Amino acid sequence: MKKIEESLVGVIGLGYVGLPLAVEFGRRYRTVGYDINTQRVRALREGHDATLEVTRDELADASGLTITDELEELRACNVYIVTVPTPVDRHKRPDLSPLESASHLVARVLSRGDVVIYESTVYPGATEEVCVPLLEAGSGLSFNRDFFAGYSPERINPGDKEHRLSTITKVTSGSTPEVADFVDDLYASIITAGTYKASSIRVAEAAKVIENTQRDVNIALINELAMIFNRLGIDTEEVLLAAGSKWNFLPFRPGLVGGHCIGVDPYYLTHKAEEIGYHPEMILAGRRTNDNMGLYVSGQVIKLMIRRGIAVAGSNVLVLGLAFKENCPDLRNTRVVDVVQELTGYGCAVDVWDPWIDRDDARAEYDIEPIEVPVKNSYDAVVLAVAHHQFRTLGAEGIRALARDTGVVYDIKSVLPQEAVDGRL
């Protein structure tokens, strides 16, 4: 195996995962960051990251990094790291097409002795069963003789300025013991939190996919408890605070479960489980619960309006937030959309206000035209869907001022005091 100091790293995909990785490697190694999105490449070259994960200064500090949309610039690399998305389709089945496309692309520039590392979330076995055969077919090279593979699952948390790439322990693996050592040493050279070398690629793949599956199932439990407590007339947040006084109580909270990880990754595991003849009841039950929370929230808002004598059809509703999580522009798989669509289906005129997101992205992805600034005293209902710091700063008085005197305020995130809202999850 080559020494890590001889590495010339190519990162394929410069999104939330790939860009921070390319920047970190670019501080230490010659690195090529590649993306098929020409506009994205142009913006990054100008020092602007629309995801807000990397600052202009951080981009400038990565002196070894070249950003490109030209495939030929990758050819000189001897380590390729694939960081493309792995979504699900409308039937909740894994969509491996971005991963397959990236593998075809890498195969075109692959040379003897190279190592291809995947970071995209997949089911156990996908790297060696799906990606490696594409690399072999496209390059004419033989796996574990001419080229090698590794898997090091991403753990990026969009919008989190405390837990960043270098400060999160990195799981690593390789297709041979020697390659596993190389991959581990390579990541250890940029990850200050340290690494954990898994015994195989399949173990590393499985470790990644269960991280978010575990969170998904736990949040589903709390969501179900919230629906039970609502029927009992008990405030869920008060219950969770009381239960949280025990040292080992897990601090999960109810809410809309979106994003590119928690709301997606479990379907990769259940897909593989069913492929081998096992029906994963608990995981899928959790998914059903979380996928239906937007409908539940909308129904609660409508009930509050009816009780107050507000005519639902033709009413004006404001939804605060569209991103899948607070203080982040990421719109991927946001479940706030479910609330908007359901309220619209009831005949409400719904405005969406989110100071973090790109309005063009919202229009293109969800056919939603966010407003720039809401008008005070204009809404029959205000739904606080995302806990952006701007909404926290507004506080109960500022948010209540957006509603009409008879309007209702519903707080999905329990940002506001119980006595300041008409309902909360």
**Message:** Loop only by DSSP, 14 or fewer other Cβ within 10 Å of the Cβ. Give me the trypsin sites (Lys or Arg not before Pro) in region 218-310 that pass, ordered by residue number.
**Reply:** 246, 308
**Request:** For region 180-187, take each phi angle, set θ = phi - 60°, evaluate the Karplus expression 6.51 cos²θ - 1.76 cosθ + 1.60, and give the result in whole Hz per residue in order, putting x for glycine and proline.
**Result:** 4, 5, 4, 4, 5, 5, 4, 5
**Complete:** Those trypsin sites (Lys or Arg not before Pro) from region 60-141 that are DSSP loop and have at most 10 other Cβ neighbours within 10 Å turn out to be 90
**Asked** Suppose every K and R has +1 on its Cβ and every D and E has -1 on its Cβ; what is the size of the dipole of the chain about the Cα centre, in Debye to the nearest 20?
**Response** 660 debye
**Complete:** What one gets for region 220-289 as the Kirkwood radius, inverse of mean 1/r over different Cα pairs in Å, is 13.9 Å
**Item:** Sites matching trypsin sites (Lys or Arg not before Pro) across region 127-204 that sit in DSSP coil, with at most 12 neighbouring C-beta atoms within 10 Å
**Value:** 145, 161
**Message:** I'd like the distance separating the alpha-carbon centroids of region 61-96 and region 388-425, in whole Å.
**Reply:** 41 Å
**Prompt:** Pairing the Cα long axis of helix 201-232 with the longest principal axis of the chain, what angle in degrees results, from 0 to 90 and rounded to the nearest 10?
**Reply:** 0 degrees
**Request:** Among 47, 29, 82, flag the residue with its Cα farthest along the positive direction of the charge dipole of region 1-121, charges on Cβ as +1 for Lys/Arg and -1 for Asp/Glu.
**Result:** 82
**Request:** Collect residues whose amide H, placed 1.01 Å from N in the peptide plane, falls under 5 Å from the amide H of residue 116; neighbours closer than 5 in sequence don't count.
**Result:** 80, 148, 149, 150
**Estimated 222 nm signal from helices in the chain, with DSSP H stretches of n ≥ 4 weighted -39500 (n - 2.57), rounded to 500** = -11500 deg cm²/dmol
**Item:** Estimated vicinal HN-Hα couplings, Hz - region 17-23 in sequence order (Karplus 6.51, -1.76, 1.60; Gly, Pro = x)
**Value:** 8, x, 5, x, 5, 4, 5
**Asked** How far, in degrees from 0 to 90, does helix 281-291 lean away from the longest principal axis of the Cα atoms of the chain, to the nearest 10?
**Response** 60 degrees
**Request:** Work from the charge dipole of region 285-418 (Cβ charges, +1 for Lys and Arg, -1 for Asp and Glu, about the Cα centre) and give the residue of 378, 349, 305 farthest towards its positive end.
**Result:** 305
**Message:** Could you put 295, 241 in order of accessible surface area, largest first, with the 1.4 Å probe and the full protein assembly present?
**Reply:** 241, 295
**Amide H contacts of residue 258 (H built 1.01 Å from N, under 5 Å, at least 5 apart or other chain)** = 335
**Request:** Find the centroid of the Cα atoms in region 147-186 and in region 302-355, then give the distance between the two in whole Å.
**Result:** 39 Å
**Request:** Relative to the longest principal axis of the C-alpha atoms of the chain, give the angle of the C-alpha long axis of helix 389-400, reported between 0 and 90° and rounded to the nearest 10°.
**Result:** 10 degrees
**Request:** Please list, in chain and number order, the residues 5+ apart from residue 196 or on another chain whose amide H is under 5 Å from its amide H, with Hs placed from the backbone.
**Result:** 170, 171, 172
**Item:** Residue among 167, 51, 31 with the largest mean-square fluctuation in a Gaussian network model of the chain, springs linking Cα atoms under 10 Å
**Value:** 167
**Message:** Report, in listed order, any pair from 272/325; 246/325; 3/161; 92/303; 2/170 with a Cα-Cα distance greater than 24 Å.
**Reply:** 272/325; 246/325; 3/161; 92/303
**Neighbour count of at most 14 Cβ within 10 Å plus DSSP loop: longest chymotrypsin sites (Phe, Trp or Tyr not before Pro)-free window in the chain** = 1-246
**Prompt:** What list of ³J(HN,Hα) values in whole Hz, one per residue of region 323-335 in order, does the Karplus curve 6.51 cos²θ - 1.76 cosθ + 1.60 (θ = phi - 60°) give from phi, with Gly and Pro shown as x?
**Reply:** 4, 6, 8, 6, 6, 7, x, 6, 9, 4, 6, 5, 8
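The values are calculated or read from the model by the stated rules, or taken from the named source; none is laboratory data. Keep in mind that this is a model prediction, so the values were computed, not measured. Methodologically, a virtual Cβ is constructed for each residue, glycine included, from the backbone with ideal geometry; neighbour enumeration extends over all protein chains shown. Heads up: the accessible areas ignore ligands, DNA and RNA and are worked out on the full protein's heavy atoms, side chains in. Shrake-Rupley method; radii C 1.70, N 1.55, O 1.52, S 1.80 Å.
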